[in-house]
Amino acid sequence: MKARRRVVTGPGRKVASGRERSADVARLPPPPRPGPDRTTRVTPTARPTPLVIPAAEVDLAVDLGRGLVLPNPILVASGTFGYGVEYGDVVDVDRLGGICCKGTTLKARIGNPTPRVTETPGGMLNSIGLQNPGVDAVIEKYAAAWATWRTPVLVNVAGESVHDYVEVARRLDGLPGVAGIELNISCPNVGRGGLQFAIDAAAAAEVTAAVRRATDLPLLVKLSPNVADIRPIARAIADAGADALTAINTLSGIAVAPGRKRPLLGNIYGGLSGPAIKPIALRVVYEAAQVVSIPVIGIGGVTDLADVLDFLAVGAVAVQVGTAIFADPTLPVRLVDELAEACGRQGVATYRDLIGTALPSKAGLPSAKGVEYRP
Ligand SMILES: Cc1cc2nc3c(=O)[nH]c(=O)nc-3n(C[C@H](O)[C@H](O)[C@H](O)COP(=O)(O)O)c2cc1C
């Protein structure tokens with residue numbers, strides 16, 4: 001079958017091919033024009049636009065409520081930055097907006113069978129299986145270091161029952177070094193036939209409300225993209241007392257082993273992350289931001305400043321960088337500088353002016369259409 005439209009992906013850019021460029025792709029950058037001009041003329045080096053406001057004077061602070069103020073809107077995503085201390089030699093962790101540490105459970109977990117990770121086009125699949133030493137060991141090993149940092153550390157909490165989540169939250173409550181909790185609710189609720197909390201509004205609300213009662217810590221709840229409609233779930237979590245939403249966790253996927261006799265990952269299923277999921281993450285943030293009044297933090301495929309600006313435009317107040325850290329652990333700190341400089345060049349005194357610029361001006365209209373996809 002002949003493709004109706006071809007979109008060529010180049011390094012960091014997506015361009016539509018010439019003849020088939022139509023109205024729906026018209027806003028993409030034009031393809032490079034081959035011809036004598038480009039081969040015979042030396043293109044002058046682009047000079048950076050001078051800063052209208054010095055980058056150091058741009059206000060990057062993010063107030064997530066309940067006393068949690070991030071120094072800037074660039075966080076590192078759970079599972080991709082360990083407990084933070086591992087990166088101390090490579091990254092100035094105190095320049096980050098926040099650290100979401102590795103998923104932490106009540107008891108130690110050895111994780112899933114290997115292989116646990118594989119590369120995919122534009123991303124990776126992982127099935128780590130929440131390997132961690134358990135909340136008590138995490139507190140003993142890391143909390144003292146966290147308490148010396150300016151950067152807030154949010155402990156990413158996972159569990160198999162509401163009780164698990166509540167117990168972990170209780171142990172973290174009031175602990176120096178713990179600035180907040182991020183609930184990973186993309187976990188099977190063992191008491192309810194293994195249905196993930198995140199895919200059911202009532203279960204998501206139940207676990208959120210129970211943790212809310214157990215702690216005064218700022219409470220972020222992480223949305224799963226593996227649902228047909230995120231809006232009722234986002235609303236239920238907000239109504240249950242979450243201080244902020246984070247979106248998104250990975251998408252469920254599989255890979256096939258060499259020889260094609262079985263799936264590749266030891267756990268069969270893995271979570272897809274990286275640039276491949278960014279459009280989905282943008283869509284979830286866009287939809288969630290329109291139905292809740294609590295802040296939404298965007299995650300999924302952030303690899304450069306343009307990605308950060310895209311998430312802000314669809315309503316995220318901050319972003320988390322995940323998979324891209326494996327290729328370049330220094331990226332998140334660089335993004336902090338680049339965001340401040342971009343604001344400075346535009347004469348924007350606070351990055352908050354960039355939030356929600358791509359949201360509909362008439363609240364509610366696109367949401368009413370739902371998530372239907374019309375090709
Ligand atoms: C290796 C790996 C481990 C992860 N572990 C967790 C985890 O323990 N808890 C959690 O909420 N998310 C976890 N995630 C999901 C990320 O925090 C993030 O939501 C997702 O990868 C999408 O962002 P990205 O495309 O920038 O990686 C993990 C992701 C990866 C790649």
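Every number in this text was worked out from the coordinates using simple rules, so none of it is lab data. Keep in mind the model is a prediction, meaning the values are calculated, not measured. Note: ideal-geometry Cβ built from the backbone for every residue, glycine included; neighbour counts use all protein chains shown.
Among the lysines of region 221-375, pairs at least eight places apart or on separate chains and with Cα atoms under 27 Å apart come to 5.
Note that region 212-223 has calculated 3J(HN,Hα) couplings of 4, 6, 7, 8, 9, 5, x, 10, 9, 10, 9, 7 Hz, one per residue in order, obtained from phi through the Karplus relation 6.51 cos²θ - 1.76 cosθ + 1.60 (θ = phi - 60°); glycine and proline are x.
Taking Cα centre as origin and charging only the Cβ of basic (Lys, Arg, +1) and acidic (Asp, Glu, -1) residues, the dipole magnitude of region 100-143 rounds to 80 debye. Were the residues from residue 337 through residue 107 laid out at 0.36 nm apart, the gain over their Cα-Cα distance would be 78.9 nm. 3J(HN,Hα) along region 66-77, derived from phi through the Karplus expression 6.51 cos²θ - 1.76 cosθ + 1.60 where θ = phi - 60°, amounts to 6, x, 8, 10, 7, x, 7, x, 10, 10, 10, 7 Hz, with x in place of Gly and Pro. Summing charges over all other residues whose Cβ lies under 14 Å from the Cβ of residue 49, with Lys and Arg as +1 and Asp and Glu as -1, gives 0. Here region 94-132 is scanned for amide nitrogen atoms under 18 Å from the site 7 Å beyond the Cα of residue 170 along Cα-to-Cβ, giving 105-108.
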